[in-house]
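Reviewing the structure listed below.
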Amino acid sequence: MPASYAYLGPEGTFTEVALRTLPEAATRELIPYVSVQSALDAVRAGEAEAAFVPIENSVEGGITTTLDELVAGAPLMIYREVLLSITFALLVRPGTKLSDIKTVSAHPAAQPQVRNWLKKHLPDAHWESAASNADAARLVQEGQYDAAFAGEFAAARYGLEALETGIHDAENAQTRFVLVGRPARPAAPTGADKTSVVLWQRDDHPGGLRDLLGEFATRGINLMLLQSRPTGAGIGNYCFCIDAEGHISDRRVAEALMGLKRICLQVRYLGSYPRADMQPGDVQPPRLGTSDDEFVAAADWVARCQDGRF
C-alpha cells in the first residue's frame, strides 16, 4: 500500500490544513485530489493508504457529498477525526475593490457560513460553486471569478490578496474532517470514542425510525449525528447516517449494533475511533443500568441460569 494520504485539494484547502495537524501526516506523501469522490476512490483502488475529507460542519451539519460516498460503493472505514475552527477570507486579484466584485465562488459548504456577510456586503454578487475553497481561489487567479471565500493562508499560494478577513456568520464555526481507509480492525478504545454506522430499514412503517433509535436509547447511548440520505430507490426511501458515543468493543455499543443488525435490512459499520475533543461523554447513566459492568453482569447471570447455577 502506498505511504500516501489523498485529500480534497488542490493545495491550500482547509482540508490540507486539518490533515497536517495529524502527526502521521509528516511521514506520508500528501496528494491533492479534485473531489471527495476521487480521494476516496484512490483508497478503494489501492492508490493511497487513506483519504482525508470533510464530513460535517457546525452550521449545516453533515456534508452530503462525503456521507453519500461512504454510503455507496465498496466499504471504507473511519480511523481518525479532526476538528478545525473555520473563518473565511475574501480573496481577490491584487487591485480589486469590493465594488468590482460581481461573481464569488467557494465550496457549497461554505455558502451557509458566509450567507449573511454576503447579503450585507455583496448583495448583487453572483455565487458560483467550486470543488473546494482552494479551487475557487485558483479560478479567481485564472480570472474566471472576481473573488473566492477561502482560508487566508491560500492567498499567497494563488497570488491573491485578502480583501476581507475573519468572515463568518456563526461564532466558533467548526468543520469535522475524517481519515478514511480500507476496512480493518478498529483501534483500541480510548474511553472517548465515537462509532459511525449507516442503517437501512426493511420497510417504511410508522415508528420505524423510533425502532432504530430505540436500540441506542435503551442502552444509554447518546447520538452525535443523525442524518437521512436518499437511497436512490425512489421518493421516501432513505438510509440513516449515525454517529454514536462509544466504541464497538463497549458491551452496550456492541449489543446495540447486534440489535440493529437483527431489525435492519442492512447495517454498514463505518468504524470506531477517538473523538477529536477527547471528551468521554455521558453514555452510561447508572440509573439506566447501562454501564459495561452491568451488561457483563447481566450476561453472566443469563449464562448461570442456562447452566442451572442461579
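Read-outs: derived from the displayed coordinates by stated rules, not from any lab. Quick caveat: nothing in here was measured; it's all calculated off a predicted structure. For neighbour counting, all protein chains shown are included, and Cβ atoms are generated from backbone atoms with ideal geometry for every residue, glycine included.
Report the antiparallel proportion of the DSSP beta bridges in the chain as a percent, rounded to a multiple of 5. Counting only bridges with both partners in the chain, antiparallel ones make up about 75 percent.
Counting only lysines at least 8 places from LYS102 when in the same chain, those with an alpha carbon closer than 29 Å to its own are LYS119, LYS120. If you plug the beta carbon distance of MET224 and SER249 into 1/(1 + (r/R0)^6) with R0 = 22 Å, you get a FRET efficiency near 0.75.
Can you tell me the relative contact order of the chain? Whole percent, Cα pairs under 8 Å, sequence separation 6 or more.
Contact order relative to length: 20 percent.
When each of the peptides 291-304, 42-55 is scored by how many other beta carbons lie within 10 Å of its residues on average, the order from highest to lowest is 42-55, 291-304.
Scanning the chain for helices, which whole DSSP H stretches are 20 Å or more long along the axis (Cα) and average -0.5 or more by Kyte-Doolittle? Kindly include the intermediate steps, with their values, before the conclusion.
Values: long enough: 292-306 (21 Å, -0.13).
Span-like helices here: 292-306.
Across the stretch 195-309, Cα-Cα distances exceeding 23 Å account for 35% of all pairs. Quick one: grab the alpha carbon gyration tensor of the chain, order the square roots of its eigenvalues as a ≥ b ≥ c, and give me rounded if a/c is under 1.5, else prolate or oblate depending on whether a/b is larger than b/c. Here the chain falls in the prolate category. When the Cα centres of the stretch 101-177 and the stretch 198-272 are compared, how far apart do they sit, in Å? The stretch 101-177 and the stretch 198-272 have Cα centres spaced 36 Å from each other. Among the GluC sites (Glu not before Pro) within the stretch 164-255, those in coil by DSSP and having at most 15 neighbouring Cβ atoms inside 10 Å are GLU171. Applying the Karplus relation 6.51 cos²θ - 1.76 cosθ + 1.60 with θ = phi - 60° to the stretch 144-152 yields 3J(HN,Hα) values of 6, 10, 7, 8, 9, 8, 7, x, 4 Hz, where x marks Gly and Pro.
The trypsin sites (Lys or Arg not before Pro) of the stretch 82-171 meeting both criteria, a DSSP state outside H, G, I, E and B (loop) and at most 12 other C-beta atoms within 10 angstrom of the site's C-beta, are LYS97, LYS102.
Put the Cα centre of the stretch 17-81 next to the Cα centre of the stretch 292-310 and the gap is 42 Å. Here each label is just a point 7 Å from Cα along the line to Cβ, and for SER99 and HIS205 those points are 6.7 nm apart. Extension gain, ALA192 to ARG44, is 50.4 nm, computed as 0.36 nm per intervening residue step minus the present C-alpha separation.
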